[in-house]
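Participant: Here's a structure for you.
Here, each number is a calculation from the coordinates, and none is a lab measurement. Here the structure is a predicted model, which is why all the values come from computation and not from measurement. So basically every Cβ, Gly included, is an ideal-geometry build from the backbone, and we count neighbours across all protein chains shown.
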Amino acid sequence: MKIKRGRETVVFQIIAMVVLAVCALISVLPFLIIISGSLSNNELISREGYSILPKQLTPQAYTTILRIPESLLTAYRVTIVNTLVGSLTGLICMSMAGYVLSRKNFRHRNIISFLIYFTTIFGGGLVPWYIMISNTLHLKDSLLAICLPLIMSPFMIILMRTFISNNVPDSLVESCRIDGAGEFSIYLHIVLPLIPSGLATIGLFLGLMYWNDWYMSSMFISTPAKFELQFYLYNMLSGFEAFKQMNTASVTESVSIPSETVKLAMAVFVTGPIILLYPFVQRFFISGITIGAVKG
Amino acid sequence: MKTNNRRRRLADRHYLVYYLMLLPTIVFFVVFNYIPMTGIYYAFTKFSFTGGLFGSQFVGLDNFKYLFKSGILFRITRNTILYNIAFILIGNFAQIVLAVLISRVMGKLFKRITQSMLLLPYFVSFVILRVLVYNLFNYEIGLVNSTFASMGIAPYDFYNKTALWPFIIIFFYLWKSVGYGSVIYLASITGIDPELYESASIDGAGVFKQILYITLPLLKATFITLFLFSLGSILKGQFELFYQLVGSNGNLFTVTDIIDTFVFRSLTTDFDIGRSSAAGVYQSVFGFILIMTVNTIIKRKNPEYALF
């Protein structure tokens, strides 16, 4: 009996390890394929096609991008500024909303929470939203158009409210109120310091969304200098136009562009920062996903 | 009486501060969600940018009629629903299997590393999928065809053949989302009382029986919640996934066009505001009815699972 169970455990462990290892490898394989392609020799690629291992290891794609980095740096700047400004504004607005909506003495909290939630089940669709931003607010080709419409989401407001309800005891807020503290100063001095992990989690969700956004640029931006990083990469894949333009801008040195591998190298530049930060921020996302799934 | 008045005045002041703190949120949802709801009217017009909301010609149900008669509505609805059913069923199955395996596998480091690797695709943008698909399936230089060539197999023209795309799309959906979902299931597994396993083990139940009779039944609640949630949004497609994988490749539309890609394309490339709105309104209204129906049924049968 005991031996049989021991064997069953071993069999299970082997199956589990193999399945998990295979799935984990499939998860990262695409990244390895992209990196390997970006390090290949462009002429060989154009002739023979990509392979899993790099063909004739060479950094030529990276050196080409770094030789004329202006447009890449511009796209980086747009994305970084957008990410910082958007995440910070969103965090301030949503933490205030989350605090108010978690207060039990605020009688309208249920109806307002429902009105926020309602937007996830019914809406006017893409077209009226687009016309609101481009024609009514006149934000076409403005950096505000790629920032403002994303600062808040119902999911994140509910997540924020849950974080505050879980971490700020009602009795504490009540006793501050008796001591004569105003609601805003309770929020600022008592509530915010109690929810650092909540702020970090939601801030990171916001940051990730802004960093990975290409959609807003594709909708509202027509000036290449205002493209977000992801949309810059997107364009490069579609037509290679942006890169040709930036190359003609610096015609003094005639360089032959490794047109295939440079696309993959650009993907590495665009995704690199996320992969580098990933090990440090992963746990915040895991806690956010867990709490959001239970309460959301 | 006097204290009552004072208390009320204090409460009024609280409400003023509360509403000031809510102001950005209220403005945001009014501007980006509630006012645009009036734009449903566009779906009944032949929209012109110069005319604006009320200057455009009213055409009644013409836009809807066109979508219906041309067969577009049927095609995009069918694709959206079938893909979502596949995503929900296969996705949840894979997430549950992985979560159970992660929770039971030995070796802390192995556990942590595999979980990190599985979650990584969730963090990259969908544009990376476009890079990847280009890298893999390009006719001349794609990894797949160059591997075929080295094995003496004729190249496969992915972008002109529809047969494989449902599998490609489902595969990349799983690639992107399985890690995220398994985190949710793993959290429910961690919440299971370890004594249940201990007593089962004393009674002679092995790992497989413990999973079958303890873990899986206890995951039922999580599964039903997630299932109902996705059932309610079955008409909402994974726009970014489809758009980045397929783009505007008309050859593949019979199997890859969903409501969201159609709405986007009609707006941004065909500039057909009326038809685009009509498809959007159809999705929104039909989806709303669906959610309300699902929710009412659940409320009657099993109120604890109700969505709201």
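Participant: How many angstrom separate the Cα center of the stretch A:85-132 from the Cα center of the stretch B:125-170?
Facilitator: Measuring centre to centre over Cα atoms gives 42 Å.
Participant: Okay, moving on. First check a/c for the stretch B:128-257, with a ≥ b ≥ c the square roots of the eigenvalues of its C-alpha gyration tensor; if it is under 1.5, answer rounded, and if not, answer prolate when a/b is larger than b/c or oblate otherwise.
Facilitator: prolate
Participant: In whole angstrom, how far apart do the alpha carbon centroids of the stretch B:289-308 and the stretch A:159-194 sit?
Facilitator: When both Cα centres are located, 34 Å separates them.
Participant: Please report how far the C-alpha centroid of the stretch B:186-257 lies from that of the stretch A:196-235, rounded to the nearest whole angstrom.
Facilitator: So the two Cα centres are separated by 29 Å.
Participant: Which helices count as membrane-span-like in chain B under these terms: full DSSP H, at least 20 Å along the axis by C-alpha, Kyte-Doolittle mean of 1.6 or more?
Facilitator: Flagged H segments are B:216-232.
Participant: Averaged over B:193-200, how many beta carbons belonging to a partner chain fall within 10 Å of each residue's beta carbon?
Facilitator: 0
Participant: Along the charge dipole of chain A, which of A:T261, A:N105, A:P279 sits closest to the positive end, that is, farthest toward it, with unit charges on the beta carbon of Lys, Arg, Asp and Glu (+1, +1, -1, -1)?
Facilitator: Going by the Cα projections, it comes out as A:N105.
Participant: What's the magnitude of the charge dipole for chain B around its Cα centre, counting Lys and Arg as +1 and Asp and Glu as -1 at the beta-carbon? Answer in Debye, nearest 20.
Facilitator: 1140 debye
Participant: I would also like to ask the following. Where does helix A:109-121 land angle-wise versus the long Cα axis of chain A, in degrees 0 to 90, nearest 10?
Facilitator: Helix A:109-121 sits at roughly 30 degrees to that axis.
Participant: So for chain B, averaging the separation of alpha carbon pairs under 8 Å that are six or more residues apart and normalising by length, what relative contact order in percent results?
Facilitator: With pairs under 8 Å counted, the relative contact order is 25 percent.
Participant: Sort the stretch A:158-214 into rounded, prolate or oblate with this rule: let a ≥ b ≥ c be the square roots of the eigenvalues of the Cα gyration tensor; rounded if a/c is under 1.5, and if a/c is not under 1.5, prolate when a/b is larger than b/c, oblate otherwise.
Facilitator: prolate
Participant: Something else about it: For the residues B:S177, A:S217, A:S27, what sequence is obtained by ranking on other C-beta atoms within 10 Å, fewest first?
Facilitator: B:S177, A:S27, A:S217
Participant: Which shape class applies to the stretch B:49-188: rounded if a/c is under 1.5, otherwise prolate when a/b exceeds b/c and oblate if not, where a ≥ b ≥ c are the square roots of the Cα gyration tensor eigenvalues?
Facilitator: Verdict is oblate for the stretch B:49-188.
Participant: Here are some pairs, A:K140/A:K263; B:K46/B:K236; B:K108/B:K236; A:K263/B:K108; which of them have Cα atoms lying more than 30 Å apart in this structure? Numbers along the way, then the final one.
Facilitator: Details: A:K140/A:K263 28 Å; B:K46/B:K236 25 Å; B:K108/B:K236 38 Å; A:K263/B:K108 38 Å.
The answer is B:K108/B:K236; A:K263/B:K108.
Participant: Given an 8 Å cut-off on Cα distances and at least 6 residues of separation, report the relative contact order of the stretch A:70-220 as a percent.
Facilitator: Once normalised by length, the contact order is 41 percent.
Participant: Also, quick follow-up: Go through the stretch A:133-218 and name the trypsin sites (Lys or Arg not before Pro) that are in a DSSP coil and have 16 or fewer other Cβ atoms within 10 Å of their Cβ.
Facilitator: A:K140
Participant: Of all trypsin sites (Lys or Arg not before Pro) in the stretch B:31-93, which ones are in loop regions per DSSP and have a Cβ with at most 10 other Cβ atoms within 10 Å? Provide the component values of the computation, followed by the final result.
Facilitator: Numbers: sites: B:K46, B:K65, B:K69, B:R75, B:R78; in loops: none.
Answer by residue number: there is no such site.
Participant: Based on the Cβ-Cβ distance of B:M292 and A:H189, what FRET efficiency does E = 1/(1 + (r/R0)^6) give at R0 = 45 Å, to the nearest 0.05?
Facilitator: Efficiency, rounded to the nearest 0.05: 0.55.
Participant: Oh, and also: For the stretch A:71-222, build the charge dipole from Cβ charges (+1 Lys, Arg; -1 Asp, Glu) around the Cα centre, then report which of A:Y210, A:G125, A:I221 sits farthest towards its positive end.
Facilitator: Toward the positive end, the furthest listed residue is A:G125.
Participant: Hey, what did the stretch A:32-75 get for relative contact order, percent, Cα under 8 Å, at least 6 apart?
Facilitator: With pairs under 8 Å counted, the relative contact order is 39 percent.
Participant: What value, in deg cm²/dmol to 500, does the helix sum -39500 (n - 2.57) over DSSP H runs of n ≥ 4 give at 222 nm once divided by the residues of the protein assembly as shown?
Facilitator: -22500 deg cm²/dmol
Participant: Taking the Cα centre of the protein assembly as shown as origin and charging only Cβ (+1 Lys, Arg; -1 Asp, Glu), how large is the dipole, in debye to the nearest 20?
Facilitator: On the way: 46 positive and 28 negative charges, 361 e Å.
Once rounded to the nearest 20, the dipole reads 1740 debye.
Participant: The stretch B:110-179: which trypsin sites (Lys or Arg not before Pro) are DSSP loop and have at most 15 other beta-carbon atoms within 10 angstrom?
Facilitator: Hits after loop and neighbour filter: B:K161.
Participant: Springs between alpha-carbon pairs under 10 angstrom, Gaussian network model over chain A: which of A:A24, A:A16, A:A181 fluctuates most?
Facilitator: A:A16
Participant: Say the dipole of the protein assembly as shown comes from +1 at the beta carbon of Lys and Arg and -1 at that of Asp and Glu; which of B:V207, B:N79, A:S87 then lies farthest toward its positive end?
Facilitator: B:V207
Participant: Please give the helix A:196-211 orientation as an angle from the longest Cα principal axis of chain A, in degrees from 0 to 90, rounded to the nearest 10.
Facilitator: The two axes meet at around 40 degrees.
Participant: Here's something else I'd like to know. Considering only A:T119, A:T64, A:T79, give the residue with the highest GNM mean-square fluctuation for chain A, with springs between Cα atoms whenever their separation is below 10 Å.
Facilitator: Sorting by GNM fluctuation, first place goes to A:T119.
Participant: Now for a separate question. Given springs between every Cα pair under 10 Å in a Gaussian network model of chain A, which of A:Q60, A:Q230, A:Q282 has the largest fluctuation?
Facilitator: Comparing A:Q60, A:Q230, A:Q282 in the GNM, the peak value goes to A:Q282.
Participant: Further question: Within 10 Å of each Cβ in B:133-143, how many Cβ atoms from other chains are there, averaged over the peptide?
Facilitator: Shielding by partners across B:133-143 averages 5.
Participant: A further question follows. I'd like the orientation of helix A:2-38 relative to chain A: the angle between its Cα long axis and the longest Cα principal axis, in ° from 0 to 90, rounded to 10.
Facilitator: The two axes meet at around 60 degrees.
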